[in-house]
Every structure is written in structure tokens, then in C-alpha cells.
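Below is one structure, written out as C-alpha cells, with a few remarks after it.
Derivation of every value follows stated rules applied to the coordinates shown; laboratory data play no part. Computed from a predicted structure; not experimentally measured. As a convention, Cβ positions derive from the backbone with ideal geometry for all residues, glycine included, and neighbour counts pool all protein chains shown.
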Amino acid sequence: QVQLVESGGGLVQPGGSLRLSCAASGSIFRFYAMGWYRQAPGKQRELVATITNGGNTNYADSVKGRFTISRDNAKNTVYLQMNTLKPEDTAVYYCNRAPPVSHYWGQGTQVTVSS
């Protein structure tokens, strides 16, 4: 059974940076496109960025130019480098396959952008 564990969140000031990590158990990780998603209070979960098994990336317009998704298949890990953070980036961030698989959702990692 695949498990996804997110880490790296925290409290950061506007303009700051964070790097999120998502560790996947199971070797099948490398065959699938992966994505980062986020859910802000009172809002639906939204797609932030995706990366194919070949490394092609796509981003939501709201994060384009500020966030970078990457993956290390040898480590079964996908990353999200977040720069120039804004208060509206505050959310719980999750990783999952792209498109997502319902039973793969983990606990997520909280990102709070505030002065």
C-alpha cells in the first residue's frame, strides 16, 4: 500500500521561502505523475503543480514563477520549492498522484504566511 508523507511546512513571513517534501512508500511512485495540492480554510482543495514521471511540469497561474515542483525517483520523493510567499498561499499542502487517488491523501503539511 502506497503512503505519502508530507513535511517541510511552517510559519514564514511574506516574501519568504519554504521547501516541501513528499516521501512515498513503494517503488511504483516513479511510474506516475505527481502533484501538489492545497486547501485553504473554507475553500476547496486546489491543484498547485504537477510533474510527470519524465519531469514535465505544470503550475496553477497563482503560483507560476514562484513555485517549482521537482522529483527524485531514486528517493521516491517529490518536492515543492516555494518562493516569494504571499499570505494567500496559506493552506494545508498535500501531495498525491496527478490526477489524485482518493485513498492516497495524507495528513498534509501546514503552510502559514504571515507577518
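A few remarks follow.
- Inter-part distance, segment 58-99 to segment 1-38, computed on C-alpha centroids, equals 8 Å.
- Projected label distance in nm at PHE31 and GLN107, using a 7 Å step from Cα toward the beta-carbon: 2.9
- Rel. contact order, % - alpha carbon contacts under 8 angstrom, at least six apart, the chain: 37
- The trypsin sites (Lys or Arg not before Pro) found in segment 51-88 that occupy coil by DSSP, while having at most 12 further C-beta atoms within 10 Å, are LYS64.
- Reduced Cα scattering model of the chain, Debye log10 I(q)/I(0), q = 0.10, 0.19, 0.24 Å⁻¹: -0.25, -0.93, -1.46
- Dipole magnitude for the chain: computed about the Cα centre from +1 point charges on Lys and Arg Cβ and -1 point charges on Asp and Glu Cβ, it is near 120 debye.
- Nearby lysines by direct alpha-carbon distance to LYS64 (threshold 24 angstrom, same-chain neighbours under 8 apart not counted): LYS43, LYS86
- Given +1 at the Cβ of Lys and Arg, -1 at the Cβ of Asp and Glu and no other charges, the dipole of segment 39-94 around its Cα centre is 60 debye to the nearest 20.
- Environment charge of PRO14, counting only residues whose C-beta is closer than 15 Å and scoring Lys/Arg +1, Asp/Glu -1: 0
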